[in-house]
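**Q** Shown below is the structure under consideration.
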Amino acid sequence: MIKVLDSFVADKIAAGEVIERPVSAVKELVENSIDAGAGSIIVEIRKGGKSYIRVTDDGCGISFDEAETAFLRHATSKISGITDLDNIVSLGFRGEALASISAVSRLTMVTRRAEDMSGVKLVLHGGRVVSKERTGCNTGTTVIVEDLFYNTPARRKFMKTDAREASSIIELIQQYAVCYSGIRFMMINNGMTLFSTNGDGDTHAVLSLLYPSLARNGLLPVSNEHVKGYVSDPGSTMSTRKGQLFFVNGRLVSSAVIEKGLEDGYQGRIFSGFPAAVLFIEAEPCDIDVNIHPGKQEIRFLKQDDVKAGIAEAVSNAVMTGAGVPKGFVKNIESASEKQLNVGVQQKEETEQTSIREFLKGLENSSSYGERDIRGDRDEYAAAETAEVSDVTEHTAVAEEPEFSYAPVSSPAKAVPEPVQTPAPFDFDDLTYKGYIFNTYIIMQGNDEVYIFDQHAAHERVFYEKFMRGYNNSAHSPQPVLTAFTINVSNDVYSMSGEWLGDLIRMGYDMEDFGDCTFIVRGIPPYMSLSEAEGFARGYAEALGETGGVNRIVVDKLITRSCKSAVKAHDVLSEQEITDLMSELAKCDNPYSCPHGRPTFIRISSYDIERSFRRK
Ligand code: ADP
Ligand code: MG
């Protein structure tokens, strides 16, 4: 028999889609607070949010009459018609969150609009209103969610340990705090304040507070018209994407398009791992579709290629600069920041402990936290403690919280970071030659920095670009060699010579089939020495054997690998050769890394040197 589900069952099913875990409830509540124009948001959880979640804001509040309406499915103040769906500027728009959360928990909402004399306290159990009364309270809204999934045992089983659930929530709030640096965020876990931001709009300060190791290694500012934020230098990568935060119109998203754009921006300079990046992307609301995922974490760009190219350009402007040259003798950011950013994923219960310690250390060290608004913070701690009373619903403890003492944010906080300036591009003309060490490294001095070039990496880069140009552009006329030489290849490579011989000829080889798996070379590309040409051709044939064929896509890889064979190790360069190499490198499209992604040079600032001598 087909039956229409009664609304309570239907609600619980629908709730499961939006609210999977405690973190999804927190996300929805925090987004509501942001949409309500809050200048301050306090998030408190206990037992990973399973037993208790509280989100308190100082936003616009809800009137007595509308308090219940907010809990109806598809009740929203944010859109009214289908055309609005193409122009979503708020974080919420489905009108489902409060209905969903209340269906699977015991929920208390205390809220007051500034213009109302008194507020309202509404209690719902499993979606049914249990009580509604007028109450005195601060302007704004507090939502307390207790015993999440108490009436859906199956869902409850899918929750992870308290520590894991807590970590996901903490991570989420960190991310929102970075994105909305104009809003004060405070995170309390099991009665302990983990961090609190000051809401002054300084994104970099929030990053230093919450992701200290990221910030310490220096983040390169990205500043294009539609893409702003920070990225790490190519040498400071992490082994996961945990250090990548993307916000599109203030919405935290995961997006393969953005990831690709970011990667493209580094132009092959990432040797291993993933760069860290915090990117704020502005898109016309009509150019994105946010309505493709119930949790709204994914969005679709209607002009994917434009977005990717725009991000790549913005990132490469930031990275292809002096500041983007990897620092020498600085530890990779991996170890420290990984712990910070990974709070959501790792290990057992310990994780939480470690992360708390890290956070507190960050708090102590941060000057932005130390001086400003100490009074305000104290008041908040007091507030936090008041709300610690476990049966808040009975005490109306929320209503007893002192008024927030910090200055109200004048305009609604927007997810746009402070303007940052992209440093000037790197200029080889500023360098002077200072020496040559270990028959491998070239020392150059800039204004305030010393650069150490790896001659092999540099050489490979120069070659690579020449070959790629040779391959892509018109044919080179070969330079004849006095004594022709032969190259032996394996059977399979020999049998497919039709596919690749043409490429080598186009690069400038005069080369033909000599029978019996052998080719004879009578001329070489004019831009190579005999030994380089020989090394390259042999390397090419070997690489072909390994890749089992050739097409436009693998040609790039083939050239990359064969360059290595062309560049001989332990070549002692004369000063003239060094000068030539430098000027060749300067002409490259990407002088910063070898084709394999290793840096061609690193930098050490005079400051780093002075510090090492304890002068600073
Ligand atoms: P949505 O956010 O998609 O509109 P919700 O179920 O999350 O749907 O919220 C329903 C409505 O309740 C919102 O449109 C808003 O008008 C109101 N609301 C929810 N949370 C708050 C809050 N913290 N402050 C003010 N109004 C709120
Ligand atoms: Mg909402």
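The values are calculated or read from the model by the stated rules, or taken from the named source; none is laboratory data. If you're wondering where the values come from, they're calculated on a predicted model, not measured in any experiment. No Cβ is skipped: glycine too gets one built from the backbone with ideal geometry, and neighbour counts run over all protein chains shown. Only protein heavy atoms, including side chains, enter the accessible area calculation; ligands, DNA and RNA are left aside. Shrake-Rupley method; radii C 1.70, N 1.55, O 1.52, S 1.80 Å.
Okay, residues lined up against (1) farther than 29 Å from R164 by Cα; (2) free of Cβ contacts under 8 Å to residues at least 24 places away in the same chain; (3) open to solvent by 10 Å² or more (accessible area, probe 1.4 Å); (4) in contact with a Phe, Trp or Tyr (Cβ under 8 Å, 6 or more places away or on another chain):
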| residue | (1), (2), (3), (4) |
| --- | --- |
| R21 | no, no, yes, yes |
| K27 | no, no, yes, no |
| D35 | no, no, yes, no |
| S40 | no, no, no, yes |
| I45 | no, no, no, yes |
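**Q** Taking the options A166, A114, name whichever one is open to solvent by 60 Å² or more (accessible area, probe 1.4 Å), among the hydrophobic types (A, V, I, L, M, F, W, C) and at pLDDT 90 or above.
**A** That would be A114, the only listed residue that is open to solvent by 60 Å² or more (accessible area, probe 1.4 Å), among the hydrophobic types (A, V, I, L, M, F, W, C) and at pLDDT 90 or above.
**Q** Turning to a different aspect of this structure: Which one is farthest from ligand 1 (Cβ to nearest atom), of the residues in segment 40-94 that are modelled with pLDDT of 95 or more and β-branched (V, I, T)?
**A** Only one residue tops the list, namely I45.
**Q** I'd like the residue in segment 562-586 that is modelled with pLDDT of 85 or more and closer than 30 Å to F274 by Cβ and, out of all such residues, is most open to solvent (accessible area, probe 1.4 Å).
**A** Restricting to residues being modelled with pLDDT of 85 or more and closer than 30 Å to F274 by Cβ, the top hit is A586.
**Q** Among strands (runs of 3 or more DSSP E) lying entirely in segment 169-231, which contain 3 or more residues that are within 20 Å of the chain's Cα centre (by Cα)?
**A** Once the strands (runs of 3 or more DSSP E) in segment 169-231 are filtered for at least 3 residues that are within 20 Å of the chain's Cα centre (by Cα), what remains is 219-223.
**Q** Pairs only if they're at least six apart or on different chains, beta carbon under 6 angstrom, first in segment 479-502 and assigned by TED's automatic domain parsing to the domain that holds L544, second of a type in the set (S, T, Y) and modelled with pLDDT of 85 or more; list them, first residue then second.
**A** If the second residue must be of a type in the set (S, T, Y) and modelled with pLDDT of 85 or more, the pairs left are T486/T518; N488/T518.
**Q** Taking segment 270-291 only, how many residues are part of a loop (DSSP other than H, G, I, E, B) and open to solvent by 10 Å² or more (accessible area, probe 1.4 Å)?
**A** Residues that pass the stated criteria total 9.
**Q** Residues of segment 95-135 being away from ligand 1 (no atom under 15 Å from the Cβ) and in a loop (DSSP other than H, G, I, E, B), which ones?
**A** Listed by number, the residues that qualify are M117, S118, G126.
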